[in-house]
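The values are calculated or read from the model by the stated rules, or taken from the named source; none is laboratory data. Because the structure is a prediction, the values reported are computed rather than measured. Quick reminder, even Gly has a Cβ in these numbers, built from the backbone with ideal geometry, and neighbours come from all protein chains shown. When the accessible area is computed, the model is the full protein with side chains, heavy atoms only, and any ligands, DNA or RNA have been set aside. Shrake-Rupley method; radii C 1.70, N 1.55, O 1.52, S 1.80 Å.
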Amino acid sequence: MRHLQTVGARLALALLLVVAAVLAFVYLIVTPSLEDRLIGSREDQVAGIAAEIATQWDSLPPTTTPEQLAEGYAAATNTRVRFFRVDNRSPLSLSVQVDKGAGGSVAASDTDPVAQKAATDLDTARGVVTSGDRRFAEAAQPSTDGKYVFLVSNSIEDSLGSVALVKHRLVISALVALVAALLLGYAGARLFARRIRRLERAAERIANGKFDEPIVDTSPDELGQLARAFERMRQRLAGLEHARREFIANASHELRTPLFSLGGHLELLVEEDLDEATTREFLGRMREQVDRLTKLAGELLDLSRLDAGRLRVDRDPVDLAQVTELLLDEFDSRAQGTGHELSRDGIDGSATGLGDQQRILQVGRALVENALRHTPAGTHVLVSASRNGDRVALSVEDDGPGISETAAVQVFERFYRGDTGGRASGSGLGLAIARELAVAMQGEIELSSEPGRTVFTFWLPAASSTSSPAIE
């Protein structure tokens with residue numbers, strides 16, 4: 001019973017049932033129809049002979065007796081020919097006048113039902129009569145004056161024997177076909193089930209976190225399409241797993257570096273007798289590492305909220321010109337310290353967009369910080385706000401060396417850190433978070449770069465007279 005629960009057994013059983021149904025249809029519908037057509041054909045044959053005899057009877061020459069007429073047709077058509085005389089019509093009474101042909105084929109009788117029907121209706125009658133264990137096709141034709149009935153009989157046992165032979169061979173063929181269908185169906189179903197089991201094992205491997213073995217099925221059928229969908233899922237999950245491990249490794253590295261620096265400074269502060277200036281310097285560096293850890297923790301928290309879809313983003317009118325002023329005030333001293341020239345350009349007073357002001361500032365900080373961090377001293381950084389139709393833009397432009405095509409593809413990936421002066425800098429999360437925040441506010445960040453000019457443009461929907469609700 002357990003074997004019947006497998007796909008292979010069920011498919012084989014389904015094929016077996018289909019073949020059995022077709023064979024049963026042939027045996028129960030087609031074969032009886034064949035038998036009826038053969039009997040009907042034999043009845044038509046004897047009816048034609050009876051009609052021909054009736055025609056000859058009306059023009060029978062004096063030199064030809066009824067016995068000769070009947071005997072001639074019986075011999076020529078291999079049938080039994082009988083002439084009945086209607087002795088009385090009420091009640092009907094018939095008597096055999098002539099009986100020629102295959103003797104004993106039908107029992108001699110004055111009450112043949114087919115002849116009586118023709119005499120009663122004065123029209124052609126036909127039917128099948130059983131005599132003993134044999135069956136005969138009969139047709140009777142009355143004479144023009146209604147005084148005689150001409151009956152022609154012919155055995156249909158040869159036709160019925162052919163039908164019986166067809167039935168017998170059909171039964172044998174059916175048994176062979178059923179066995180072949182069972183074997184071929186089960187073999188084909190096993191092959192099909194084997195492909196399903198391969199997919200099952202692949203799903204188990206994926207569920208257990210093993211993404212190294214590809215799923216290959218080149219068949220164009222639905223199962224092959226399912227296998228290719230599994231393969232795309234495996235590749236996607238493998239990529240996500242790789243990103244997860246890389247994320248953990250990079251995050252661990254980013255956390256370990258400031259912690260290691262803090263530990264070293266604390267150890268020196270505890271074990272060494274330092275002067276006040278050196279102590280203040282160490283405390284300043286420790287403060288920088290604490291700020292670095294705080295920023296990294298905030299970025300990681302933002303990433304986790306973005307991934308979980310739990311980051312709340314307001315949709316309020318925000319003046320990007322004011323955001324530009326805030327960014328300039330915040331980064332002015334840092335730009336001076338790194339030798340950059342930071343200024344604003346093309347401030348549009350109508351550049352009011354819909355978004356979360358704190359998140360817009362966070363995106364702006366990431367863009368400005370990226371420009372200051374990855375361009376050499378002396379680079380001019382311009383921050384501007386503008387409006388273009390139903391969108392507003394916050395742009396950060398610099399005249400630095402530009403970003404290569406390879407780096408431009410990766411610049412928004414998590415933990416990607418561009419090479420500045422032969423070393424990687426930053427956590428590699430700022431631009432990745434900026435892009436996801438932009439998308440969360442129904443905006444986008446575009447990058448255009450060439451040697452001597454790089455522009456990051458943060459697009460937002462322009463604010464209308466009514467504000468939209470917050471997005472979570």
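The C-beta contact set for the range 440-459 (first residue free of Cβ contacts under 8 Å to residues at least 40 places away in the same chain, second residue of a type in the set (Phe, Trp, Tyr) and not in a loop (DSSP other than H, G, I, E, B), distance under 9 angstrom, 6+ apart or interchain) comprises Glu444/Phe458; Glu444/Trp459; Glu446/Phe456; Glu446/Phe458; Glu446/Trp459; Ser448/Phe456. Answer yes if at least one residue in the range 403-422 is at pLDDT 90 or above, surrounded by fewer than 16 Cβ atoms within 10 Å (Cβ to Cβ) and either closer than 28 Å to Leu293 by Cα or among the acidic types (Asp, Glu) (or both), and no otherwise. No; the residues of the range 403-422 include none that is at pLDDT 90 or above, surrounded by fewer than 16 Cβ atoms within 10 Å (Cβ to Cβ) and either closer than 28 Å to Leu293 by Cα or among the acidic types (Asp, Glu) (or both). Count of the range 383-406 residues, restricted to those that are of a type in the set (D, E, K, R), touching an Asp or Glu at 6+ places or on another chain (Cβ under 8 Å) and not in a strand (DSSP E or B), is 0.
Residues of the range 107-149 that are surrounded by 14 or more Cβ atoms within 10 Å (Cβ to Cβ), of a type outside the set (A, V, I, L, M) and touching a residue at least 60 places away in the same chain (Cβ under 8 Å): Thr124, Arg126, Gly127, Glu138, Gln141, Pro142, Ser143, Tyr148.
Of the set (1) assigned to a helix (DSSP H, G or I); (2) open to solvent by less than 60 Å² (accessible area, probe 1.4 Å); (3) more than 22 Å from Asp44 (Cα to Cα), all apply to Val166 but (2). Is there a residue being part of a helix (DSSP H, G or I) and within 12 Å of Ile39 (Cβ to Cβ) anywhere in the range 141-157? For the range 141-157, residues part of a helix (DSSP H, G or I) and within 12 Å of Ile39 (Cβ to Cβ): present.
Of all residue pairs spaced 6 or more apart or on separate chains, those with beta-carbon atoms under 6 Å, a first member in the range 48-75 that is over 12 Å from Phe150 (Cβ atoms) and a second member that is surrounded by 18 or more Cβ atoms within 10 Å (Cβ to Cβ) are Glu67/Val98; Glu71/Lys100.
Is there a residue in the range 248-261 that is assigned to a helix (DSSP H, G or I), closer than 25 Å to Glu413 by Cβ and under 37 Å from the mean Cα position of the chain (by Cα)? Yes, the range 248-261 contains at least one residue that is assigned to a helix (DSSP H, G or I), closer than 25 Å to Glu413 by Cβ and under 37 Å from the mean Cα position of the chain (by Cα).
Scanning the range 349-382 for residues that are in a loop (DSSP other than H, G, I, E, B) and surrounded by fewer than 16 Cβ atoms within 10 Å (Cβ to Cβ), we see that the one that is modelled with the lowest pLDDT is Gly349. Kindly indicate the residue of the range 423-433 that is within 16 Å of Glu246 (Cα to Cα) and modelled with pLDDT of 70 or more and also farthest from the chain's Cα centre (by Cα) among those meeting that condition. Taking the candidates together, the pick is Gly428.
Filtering Asp99, Asp44, Asp87 for residues that are modelled with pLDDT of 80 or more and farther than 19 Å from Ser143 by Cβ leaves a single hit, Asp44.
Of all residues in the range 287-300, those that are closer than 21 Å to Asp356 by Cβ and either among the aromatic types (Phe, Trp, Tyr) or open to solvent by less than 80 Å² (accessible area, probe 1.4 Å) (or both) total 4. State yes or no: is Arg134 of a type in the set (Lys, Arg) and at pLDDT below 85? In short, yes.
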